[in-house]
Structures are given as structure tokens and as C-alpha cells.
Amino acid sequence: MKKKTIFSGMRPTGKLHLGHLVGALHNWAELQKEYKCIFGIVDWHALMGEYENSGSIKEDILDMAIDWLSCGIDPKESIIFVQSDVPEHLELQMFFSCFTPLGWLERNPTYKEQLREIKTRDLHTYGFLGYPVLQAADILLYKAQAVPIGEDQLPHIELTREISRRFNRLYKTDIFADCKAILTKTPRLLGLDGRKMSKSYNNTINLSDPKEVVEKKVSTMFTDPKRLRLNDPGHPDVCNVFSYYSVFASNKKDEVCTWCTKAEKGCTDCKKILSQEILKTLAPIQEKRAVFLKDKNKVLDILEQGAKDARVLAQKTMAEVKEKVFGK
Ligand code: TRP
Ligand code: SF4
């Protein structure tokens, strides 16, 4: 049977962190076994938010590619490419934007939340309102059946389905099928301070952080606020450090629970042990990173080949779209 196609993307807006690793990359690496995967470094989407600071996007693209490759995204299995290298994304977005009602975009909860939350940049732009239209084009250009994403992206997948149905209805065709979201099963990893892990909150552990930095950052993590002294018994269920154990050393959870609730070990020791566990996960990734960093041309070649492969698929879809819409 022919493998189903998956598309997913990430915006190159800075260093990747543990949230990206457990929330996306681990999952993507697994999915490669079962699906034909296409992973896009979506620089146009990055530009929609970072148009005033576009200077670092180029560097962030290369860094993102290196992180992906180091985390097991395999260019022999999957297509890895940069969105702006495949101009068909914009072409399909234009087709979709002709019939996407403003109401669909204005009602989008992710959009409304970002306008509310993000105060450092002016996102009241034409482009940003159309963010999900470009995302729909990303997915439908490759006729992906499934899209691994985080929960915050569910409204965008819903919109993608609405757009593909509307296209099919308007042009009496079935070239686009419904796509479904694949949500990651791993529990969500919060930032060092217990808020969402995000570069803008400065609460991340980055995939490229050296040992000392990881140790220092872990030592600042918020713990059970009621556990002030070593003799106070702690409550692992309200401790962010404990939730990290669930992700990075689930085999140690029982032990941690015991030493915490019986006040046998202090938080400092508990964090030291956690650091070592995180470093065990990061070590093989960082080893590969070092190799790719020394051979950036190889990474650029992978992206170039990825764009070529993606374009073959993209052009095929665009020929069908143009035939349906313009009769050519
Ligand atoms: N909007 C996604 C995010 O911020 C990134 C993205 C762009 C994407 N195009 C996509 C994700 C297509 C999945 C499929 O996380
Ligand atoms: Fe959290 Fe560990 Fe301290 Fe318990 S001992 S409160 S689990 S850091």
C-alpha cells in the first residue's frame, strides 16, 4: 500500500528547545517509519511575525535544519526544505485567498489570542490575518492526509479542511481531501518558570545549551512552593521538576516521589539528578550537531535537494489547480 503523506512545519525564529524536541521532533522522527513525510522550514510564516527583524531568519533556517537532522529527521526518508524555495506555496495561497471569507480568519482563536498576547510587534497586518491560508496551502500543496501539530494549531487544521472543501465545491472537483491532525502524546513540557516554554519568556532549555548552562538553568526551576526547608515533605504532583522526570526519566519517578514526599532528599539534589537525565537525552543530539556545524554545505545541499523534490510534487498539484480554476 502507498504510504500516506504527512506535512508539518516550524517557523525559524530562534533556537530550538526541549519543548520542540518532546512536542514535535521525537514524534516526527517516529512518523517517518510509517508515512511519507514532508517537513518545511516555514520562513514566510516567520516573516509575518518578524518582518521588522528579518536579519536573523537566514541563520535560524540553517540552525533549524541542523537541529532537525540531529534529532533524527532523515533526509533519506523525508523531504526537508525551506518554504520560500518552493514558490508554489504562495501561488496556492493566492488561489485560496480569493475565496476564503474574512470572517473565518477573524474568528480564528489562535489569531485572536496572538493579537491579545503579543505586544512587542504589530501583528495587525494583511499578511498575518492570512497566516492560516498559507498554512492550508503548505498542507494541501502536497495533499497531506495528516499533520502532526500542537493543540494550539487545531483551528488552523480546521480552516485547512474548510478551505479544501470550499475549493472542491467551487470548482467541482475532489483534488483535495480532508486532512487530520496528529497530536503528540507526550505530556506538555512547561518552561523553567512553569509558564509555557517559549523563547519570548526566556524560560527555555535549548537543544544546543552546553552542560553547564543546562545545569544552571535546571537549578533555577520552580518547585513545590510549600517545600521551603529540606525537612518539609514535598508534593511532586505540583512540582514542575517532577513533570520533567515524567518526560526524561520516567523510570525514576517512583524513587523521586518517595524521596520528595518523605523529605529524604532536597530539591537541589533532585534537580542535579534531573540535569544529568536531560543531558543524557541531549548528548547524542549535540554530538550530531557538532558534526553538521562543521559541514554546513552538506546541510545546504540537503535543503536544496529537498526543495527540488518538494517542487516536483508542488508543480503537479498546481497544474491540477490551474486546470480546474482557469481551464488551462
Ligand atoms: N503554524 C505552525 C506553527 O506555528 C507552523 C506551520 C506552518 C505549519 N505551516 C504549517 C504546521 C503546516 C503544520 C503544517 O506551529
Ligand atoms: Fe520537586 Fe524534586 Fe523538590 Fe520534590 S524534591 S519538590 S519533586 S524538585
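Phi-derived couplings, Karplus 6.51 cos²θ - 1.76 cosθ + 1.60 at θ = phi - 60°, listed residue by residue for segment 202-213: 6, 10, 9, 10, 8, 4, 9, 5, x, 2, 4, 5 Hz, with x used for Gly and Pro. For a paramagnetic label modelled at 7 Å from the Cα of K316 toward its Cβ, which residues of segment 111-147 fall within the zone defined by backbone nitrogen distances under 12 Å? Backbone N within reach: 142-144. Within the accessible area of the chain, what % is carbon and sulfur when the probe is 1.4 Å and the other protein chains stay in place? It is 53 percent, rounded to a whole number. The calculated FRET efficiency for the pair K76 and E264, based on their C-beta separation and a Förster distance of 45 Å, comes to about 0.40. Residue-wise HN-Hα couplings along segment 97-105, as the Karplus relation 6.51 cos²θ - 1.76 cosθ + 1.60 with θ = phi - 60° gives them from phi, are 5, 5, 10, 7, x, 4, x, 4, 7 Hz; Gly and Pro carry x. For the chain, the relative contact order comes to 22 percent (Cα pairs under 8 Å, sequence separation of at least 6).
Among 304-316, 100-112, how do they line up by average Cβ neighbours within 10 Å per residue, starting with the highest?
My ranking of the peptides, most packed first, is 304-316, 100-112.
Backbone geometry of segment 116-121 corresponds, through the Karplus equation with coefficients 6.51, -1.76 and 1.60 at θ = phi - 60°, to 3J(HN,Hα) couplings of 6, 7, 8, 10, 7, 9 Hz, x marking Gly and Pro. Helices in the chain, meaning DSSP H runs of at least 4 residues, each add -39500 (n - 2.57). Divided by all residues, the mean residue ellipticity at 222 nm is -16500 deg cm²/dmol. For the chain, the per residue solvent-accessible surface stands at 52 Å², with DNA, RNA and ligands left out and a 1.4 Å probe.
With r defined as the distance between the Cβ atoms of E287 and S246 and R0 fixed at 25 Å, what FRET efficiency is calculated, to the nearest 0.05?
Values: r = 25 Å, r/R0 = 1.01.
Calculated value: 0.50.
Considering amide H positions built from the backbone, and no H for Pro or chain starts, which residues 5 or more places from I205, or on another chain, come under 5 Å of its amide H? Under 5 Å from the amide H of I205 lie the amide H atoms of L18, G19, each far enough along the sequence or on another chain.
Report the FRET efficiency, 1/(1 + (r/R0)^6), for F326 and K211, where r is their Cβ-Cβ distance and R0 is 45 Å, rounded to 0.05. Can you show the working numbers first?
Working: r = 58 Å, r/R0 = 1.30.
Working from the Cβ atoms, E equals 0.15.
Of the peptides 240-249, 121-130, how do they stack up when ordered by the mean number of other Cβ atoms within 10 Å, highest first?
On the way: 240-249: 19.2, 121-130: 14.6.
With the highest mean Cβ count within 10 Å placed first, the list reads 240-249, 121-130.
Near the amide H of I182, within less than 5 Å, lie the amide hydrogens of V147, I149, all on another chain or at least 5 residues away, with H placed in the peptide plane. Placing +1 on the Cβ of every Lys and Arg and -1 on the Cβ of every Asp and Glu, with no other charges, gives the chain a dipole of roughly 480 debye about its Cα centre. If one takes the longest principal axis of the Cα atoms in the chain, at what angle in degrees, from 0 to 90 and to the nearest 10, does the Cα axis of helix 267-294 lie? Once rounded, the angle reads 40 degrees. The count of lysine pairs in segment 209-289 whose Cα atoms are under 18 Å apart, excluding pairs fewer than 8 places apart on the same chain, comes to 27.
Could you rank the peptides 16-29, 148-161 by their average count of other C-beta atoms within 10 Å per residue, with the highest value first?
Numbers: 16-29: 21.2, 148-161: 18.2.
Top of the packing list down: 16-29, 148-161.
Separation of segment 288-328 from segment 1-54 is 14 Å, based on Cα centroids. Modelled spin-label separation between R169 and K199, with each label point placed 7 Å from Cα along the Cα-to-Cβ direction: 3.9 nm.
Can you grab the distance from the C-alpha centre of segment 159-233 to the C-alpha centre of segment 58-81, Å, no decimals? One Cα centre to the other: 19 Å.
The values are calculated or read from the model by the stated rules, or taken from the named source; none is laboratory data. Just so you know, these numbers come straight off a predicted model, no measurement behind them. Every residue, glycine as well, gets a Cβ built from its backbone with ideal geometry; the counts of neighbours run over all protein chains shown. Keep in mind that these areas ignore ligands, DNA and RNA; they rest on the heavy atoms of the full protein, side chains included. Shrake-Rupley method; radii C 1.70, N 1.55, O 1.52, S 1.80 Å.
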